[in-house]
Amino acid sequence: MTEPIIQFNDLTKVYDKEYAVDHLSLSINKGEIFGLLGPNGAGKSTTILMTLGLSEPTSGTVTVNGINSTNHPIDVKKIVGYLPDDVGFYHQMTGLENLMYTASLNGMDRKEAKERALHLLELVGLTDAKDKRTDKYSRGMRQRLGLADVLMKNPQVIILDEPTIGIDPEGVRELLGLIKDLSKKEQITVLLSSHDLHQVQRICDRVGIFVKGKLLATGNINDLAQQLFNEDAYLINLEYISGDTNLIEQFKNTAGINEVEEIHPGKLKLHCEADLTKQVAKIVFESGAELIQISKSDYGLDEIYHRYFEGRDQSETA
Ligand SMILES: Nc1ncnc2c1ncn2[C@@H]1O[C@H](COP(=O)(O)OP(=O)(O)OP(=O)(O)O)[C@@H](O)[C@H]1O
């Protein structure tokens, strides 16, 4: 099922003659968790603000469920929940009271609102803290309450701007797990921004890499590896006890192997265009060498990100 729910069409924002968002075209599908990934100043927050109708594009459009965010911000607000990087609550009120206050602003029936608030507090693990004032909450608790708060109005889409900043690793793991569960259980589309590769890798179905307002690549981790490493997307690690044949030379002359890295004698890393694990194993056997181990490793988002930024730095300084 790939039904688009958020559509960016040539979306552009210029501040002081500089592109904050540079002709962004992208579709995000219903139920998908999409990560906007990029360093500070990449344009992630500006993209989010335009999606919410809180900032006007210089040109281009963004629609949520077919509704133009710039022309109909109030209609968009009804179906989108937004969690900023630091959620503000009324400190003198408890967690439950804050959720009830949100419900009253949204015109929800009180009884129904209380049932939903208690259910959501349970979902985000704050039942025991529901009657505690929010100024006594930790940052992680405030983020979890923030998630419950955006879910009060049953949104179709939730947008999270750097949701895990300032939370300890255990809290991050819990919050991300929660976002993923909610998205899958309630078919909610999630758009989240982050500069943290590992977080994004952990929960996103697809990511978009942003640099200086430009969307440079999109896809799941495997697609990105293919796009960015195109010529040598597969790594084969090999250990063997040498026979008579010079295996290194043989691998260098094998079609599809682009680079042979000798880690130390008898241990090689082969950069390949395709998964050549079987052929490599066969070559080792036929050479009379003894195969100790062979394994394929995939590129993670870390390598993807660094390869991308390394390439970019070189091209920019060239
Ligand atoms: N209100 C503004 N006025 C002028 N320039 C702005 C404004 N808001 C953002 N910018 C500029 O637009 C660019 C993109 O900023 P944006 O905040 O969208 O990036 P970001 O990827 O969200 O980064 P961060 O994670 O640091 O928030 C930056 O160069 C920033 O200085």
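The values are calculated or read from the model by the stated rules, or taken from the named source; none is laboratory data. No experiment lies behind these values; they were computed from the predicted model shown. Here the Cβ is made from the backbone with ideal geometry for all residues, glycine too, and neighbour counts use every protein chain on show.
Checking TYR90, TYR101 one by one, the residue that is on the phi < 0 side of the Ramachandran plot, more than 16 Å from the ligand (Cβ to nearest atom) and modelled with pLDDT of 90 or more is TYR101 and no other. One residue stands out among those in region 35-50 that are crowded, with 24+ Cβ neighbours inside 10 Å and more than 6 Å from the ligand (Cβ to nearest atom): the one that is nearest to ASN220 (Cα to Cα), which is GLY35. Residues in region 270-312 that are at pLDDT 90 or above, not in a helix (DSSP H, G or I) and not aliphatic (A, V, I, L, M): 3 in all. Please tell me if VAL64 is in the same structural domain as GLY81 (by TED's automatic domain parsing) and either surrounded by fewer than 16 Cβ atoms within 10 Å (Cβ to Cβ) or within 16 Å of the ligand (Cβ to nearest atom) (or both). So VAL64 fails the test. Flag not set for ILE165, criterion: within 16 Å of the ligand (Cβ to nearest atom), under 20 Å from the mean Cα position of the chain (by Cα) and surrounded by 18 or more Cβ atoms within 10 Å (Cβ to Cβ). Counting the residues of region 193-215 that are assigned to a strand (DSSP E or B) and more than 13 Å from the ligand (Cβ to nearest atom) gives 2. Close Cβ contacts (under 7 Å, 6 or more residues apart or on different chains) running from residues in region 68-94 that are in the same structural domain as ILE188 (by TED's automatic domain parsing) to residues that are assigned to a loop (DSSP other than H, G, I, E, B) and modelled with pLDDT under 90 comprise GLY81/LYS153; LEU83/PRO163; ASP85/GLU162; ASP85/ILE165. ASP149 satisfies every condition listed in (1) under 19 Å from the mean Cα position of the chain (by Cα); (2) acidic (Asp, Glu); (3) surrounded by 21 or more Cβ atoms within 10 Å (Cβ to Cβ) except (1).
Restricting attention to region 72-86, the residues being crowded, with 20+ Cβ neighbours inside 10 Å and more than 16 Å from the ligand (Cβ to nearest atom) number 3.
Among the residues making up region 95-127, a single one is of a type in the set (Lys, Arg), surrounded by 14 or more Cβ atoms within 10 Å (Cβ to Cβ) and farther than 13 Å from LYS153 by Cβ: LYS114.
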